[in-house]
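Reading through the structure tokens given below for one structure.
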Amino acid sequence: MRLLDLTFEDLKQVFAECYGKGPFLAAALYREFYKNLNPAAWQAPAIQASSGLAAKLARDLVFAPGTLVDEVRREGVVKFVTRLEDDQCIESVLLPMETHHTLCVSSQVGCRMGCRFCETARMGLVRQLSIEEIVGQVYTARRRYGGNVRNVVFMGMGEPFDNYDHVIQAVRVLSDQRGLDIAQRYITVSTAGRIDGIAKLARQGMPHLKLAVSLNAAEDNLRDRLMPLNRSAPLDRLQEALAAYPLKKGYDLMVAYVLMPGINDGDEQLAALTRWLAPLRAKVNLIPFNPGRSSANRPPTDAELERFRQQLIDAGVNVQKRAPRGRDLMAACGQLGGRLRCAGSGC
Ligand code: SF4
């Protein structure tokens, strides 16, 4: 039994079926594991007091989210590397905010989407992450960096909708009030534009969960080049899927636009973006391109970023600018899977 896979309701069922025990003891175990962050949760006093139960749980509980093997800190941003049971490695990034931390988590080892500006794409898809490996990134961050990890964004390695079932169960576990208690309105799932995934999430019945789309170009010929997924899921179909997405009142879709000078920052690209956004309730997250280790392109200057942002605002677009925090760590958007490596692994 892997507690990182389970909501409290799941655990209650397991307790009844496998141990013949009721919700009181399940709650004691869950609390010890998630609130006290103790992986040896059978040590909880209530469990110890229940005849024979602690020994059975010590035998049955598996805790294998991977081992933290490397971390780099700069300007408060932490990128940490987790080595998984099969020696593959994943990266996560902790971004301190004023009142809390945001954790950027991975959903796959590598990614098969092939986005041209992305370091992770160079790895190809190695494998899907399990539920435990996804939730484990948050559990590890809470244990090591304190309890203030309140926001989770699926913007690390991988396309979350390529690993849909595990990501959705991970969201359920993360948001369980008896456990890590990260409200779904503080969790964002970001897709490169998997239309089938967007439609599935629309039917999922998680209205508070935030949806983000990595757009980066609003003309098919350019987006085909930057994001090969666009060839099978072009912009008009993506726009249609997003327009049909049941957004809660007061919620916006997040549209990420990585600004690459000389590629997607011209007047034509701006006009196309403005037109494409018009029917959508969306907020644009303008992100300066972060050059990878061998990238031929350069990042935009502050003036270029500000000019594009102002032009969007003038065109009536709801836009926010994101500081390029973490660029030096290769921890900014599209840069995971790069510099840090764990000894002896193939990652
Ligand atoms: S940007 Fe996202 S979807 Fe595209 S290759 Fe990178 S990790 Fe995959």
Legend entry - Fewest-first sequence of Thr301, Thr82 by Cβ atoms within 10 Å of each Cβ: Thr301, Thr82
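With each run of n ≥ 4 DSSP H residues scored as -39500 (n - 2.57), what mean residue ellipticity at 222 nm is computed for the chain after dividing by its residue count and rounding to the nearest 500 deg cm²/dmol?
-9000 deg cm²/dmol
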Legend entry - Cut-off under 5 Å, modelled amide H: who pairs with Arg127 long-range: Val109
Inset, instruction - Once you have all Cα-Cα distances for the chain, histogram them in 10 Å bins from zero and send the whole-percent values. - result: 5, 25, 32, 23, 10, 4, 1, 0
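If a/c stays under 1.5 just call it rounded; otherwise compare a/b with b/c (prolate if a/b is bigger, oblate if not). Do that for the stretch 3-60, with a ≥ b ≥ c from the square roots of the Cα gyration tensor eigenvalues. List each step's numbers first, then the result.
Working: a/c = 1.44, a/b = 1.01, b/c = 1.42.
It comes out rounded by the Cα gyration axes.
Over 24 Å between C-alpha atoms is what I'm after, so list which of Lys248/Lys283; Lys249/Lys283; Lys12/Lys210; Lys79/Lys248 land there.
Numbers: Lys248/Lys283 14 Å; Lys249/Lys283 14 Å; Lys12/Lys210 28 Å; Lys79/Lys248 33 Å.
Over 24 Å apart, Cα to Cα: Lys12/Lys210; Lys79/Lys248.
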Inset, instruction - May I ask for the distance between the Cα centers of the stretch 22-98 and the stretch 128-193, given as a whole number of Å? - result: 14
Inset, instruction - Working from Cα positions, state the angle (0 to 90°, nearest 10) between the long axis of helix 23-34 and the longest principal axis of the chain. - result: 50
Legend entry - Gain in span if fully extended, Ser232 to Lys35, counting 0.36 nm per residue against the direct Cα distance: 66.5 nm
Legend entry - Asp267, Asp196 arranged by Cβ crowding within 10 Å, fewest neighbours leading: Asp267, Asp196
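The numbers here are math on the coordinates, done by the rules we state, and not lab data. Here the structure is a predicted model, which is why all the values come from computation and not from measurement. Cβ: placed from backbone, ideal geometry, glycine included. Neighbour counts: every protein chain shown.
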